[in-house]
Amino acid sequence: MSAVAEAGASLFRRFAHRALVDEGSADTLEISGSDSLFRLTFRGHLIDEVTTINSLLSRLVQLLLGLEHPATNLLAHCHAGAVIRNGRSLLIPGSSGTGKSTLTAFLVANGFAYLGDDIVAIAEGGALLLPLPTCMSIKSGSWPVLEKLYPVLAELPSFNRGARTVRYIEPKGNYETLDEGSAPSIVLFPIYQPGEQTRLSLLPPLESMLRLVGAHASLLPPATEERLAQLIRFVEQTPAYELTYSELPEAMQAIDDLLAARQ
C-alpha cells in the first residue's frame with residue numbers, strides 16, 4: 001500500500017511475475033509520507049523514516065534486496081543491468097539514458113541469460129551478482145528497435161515512470177532468467193552515440209569507481225571502512241570498459257569478443 005506516487009503501482013508492476021497466488025498469505029508493505037517525512041512500514045513494524053524521496057527509494061531497495069537474498073551478506077548495489085553468457089557474468093552499470101536497458105534487452109534476446117536491468121547487488125566475499133527480480137523495462141524510445149525481438153512488447157500496457165513511458169516484459173515465455181550470477185568477468189559502461197563506430201576503452205580503477213558512483217552505487221549498511229575496502233578491491237580486480245556504440249549487433253559482437261579474450 002503506497003500513498004507516495006514515486007513508489008506506487010507503476011514501480012511495483014515490475015514485480016507482477018512474483019505475485020502470490022494466495023493474496024491472503026501476503027505480508028503488508030506500507031509507504032506513506034508528506035512533504036517533509038516519508039515512512040516505510042513492513043509487517044506492521046516501522047522500518048525507517050526519511051526526509052527525501054531518494055532516501056525512501058534507497059531504503060526500499062535495501063529492504064527488498066534483504067527479503068530476496070536473506071541468506072547472503074550484500075556488500076553494495078548499483079543501478080545496472082546484468083547478464084550471463086556461458087557462465088560468465090557481465091555487469092552493466094549506468095544512469096538513465098545511457099542505453100543500458102536497451103543493450104541488456106538486446107543481449108537477452110540473443111542468448112544471454114537475464115539477471116536484471118535496474119538494481120543489482122554485489123555480495124560480500126565472492127562478489128556474486130544478486131539482482132532484484134524485476135521484469136525487463138523497455139522505454140518508449142526503444143520499442144521500434146526491440147518489437148521484432150519481443151513481439152509481445154506491442155501488446156503490453158504502458159506506464160509512466162517520471163518523465164518516461166515504459167512497458168514491462170515478464171520473464172515467462174519471453175526470455176531466460178537466473179536468480180544469481182558469478183562475480184562479473186567484466187564491468188561495462190555503455191554509451192549510446194548515434195552514428196559512432198563501436199569501440200571499447202579500458203578504464204583505470206579510479207575512473208571505474210567514479211562511474212559506479214554515477215550509477216548510484218551504494219554500500220549496504222553497515223558502511224564500515226572494511227566494507228569500503230572490499231568494494232575498492234572489487235573495482236581494482238574487475239576489468240572495466242567503456243563501450244561506445246550506435247548499432248546493437250556490433251555492440252554485442254564486441255562484448256562476445258571481449259568475453260572470449262578474457263577466458
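The values are calculated or read from the model by the stated rules, or taken from the named source; none is laboratory data. This is a predicted model, so every value here is computed, not measured. Backbone-built Cβ (ideal geometry, glycine too); neighbour counts: all protein chains shown. In case anyone asks, the SASA skips ligands and DNA or RNA and just uses the protein heavy atoms, side chains included. Shrake-Rupley method; radii C 1.70, N 1.55, O 1.52, S 1.80 Å.
Search region 12-35 for residues being touching a Phe, Trp or Tyr at 6+ places or on another chain (Cβ under 9 Å) and among the aliphatic types (A, V, I, L, M), and hand back the single one that is farthest from Q62 (Cα to Cα). Result: A16. Per the conditions (1) open to solvent by less than 80 Å² (accessible area, probe 1.4 Å); (2) on the phi > 0 side of the Ramachandran plot, the sole criterion not satisfied by L258 is (2).
Matching residues to (1) in a helix (DSSP H, G or I); (2) within 18 Å of the chain's Cα centre (by Cα); (3) surrounded by 13 or more Cβ atoms within 10 Å (Cβ to Cβ):
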{"position": "A154", "(1), (2), (3)": "yes, no, no"}
{"position": "T165", "(1), (2), (3)": "no, yes, yes"}
{"position": "Y168", "(1), (2), (3)": "no, yes, yes"}
{"position": "I191", "(1), (2), (3)": "no, yes, yes"}
{"position": "L202", "(1), (2), (3)": "no, no, no"}
{"position": "M209", "(1), (2), (3)": "yes, yes, yes"}
{"position": "L212", "(1), (2), (3)": "yes, yes, yes"}
{"position": "A223", "(1), (2), (3)": "no, no, no"}
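Residues considered: Q253, Q197. Of these, the only one that is out of contact with any Phe, Trp or Tyr (no Cβ under 8 Å at 6 or more places or on another chain), surrounded by fewer than 15 Cβ atoms within 10 Å (Cβ to Cβ) and in a loop (DSSP other than H, G, I, E, B) is Q197.
Remark: pairs (first residue in region 2-31, in contact (Cβ under 8 Å) with a residue 12 or more places away in the chain; second residue open to solvent by 80 Å² or more (accessible area, probe 1.4 Å); Cβ separation under 6 Å; 6+ apart in sequence or on different chains) = S10/R161; D27/R43; E30/M1. The residues of region 85-102 that are among the aliphatic types (A, V, I, L, M) and within 12 Å of I191 (Cβ to Cβ) amount to a single one, I92. Report yes if some residue within region 19-26 is surrounded by fewer than 16 Cβ atoms within 10 Å (Cβ to Cβ) and closer than 24 Å to H79 by Cα; otherwise report no. Yes; the residues of region 19-26 include at least one that is surrounded by fewer than 16 Cβ atoms within 10 Å (Cβ to Cβ) and closer than 24 Å to H79 by Cα. Every condition in (1) touching a residue at least 60 places away in the same chain (Cβ under 8 Å); (2) outside any helix (DSSP H, G or I); (3) under 25 Å from A163 (Cβ atoms) holds for A76 except the one numbered (3).
Rundown of residues vs (1) assigned to a strand (DSSP E or B); (2) surrounded by 21 or more Cβ atoms within 10 Å (Cβ to Cβ); (3) modelled with pLDDT under 90, yes/no style:
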| residue | (1), (2), (3) |
| --- | --- |
| T98 | no, no, yes |
| L107 | no, yes, no |
| L115 | yes, yes, no |
| L130 | yes, yes, no |
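Of all the residues in region 132-146, those that are closer than 29 Å to P184 by Cα and open to solvent by 60 Å² or more (accessible area, probe 1.4 Å) number 2.
Looking for something among the polar types (S, T, N, Q), open to solvent by 50 Å² or more (accessible area, probe 1.4 Å) and not in a strand (DSSP E or B) - is there at least one such residue anywhere in region 2-17? Within region 2-17, none of the residues are among the polar types (S, T, N, Q), open to solvent by 50 Å² or more (accessible area, probe 1.4 Å) and not in a strand (DSSP E or B).
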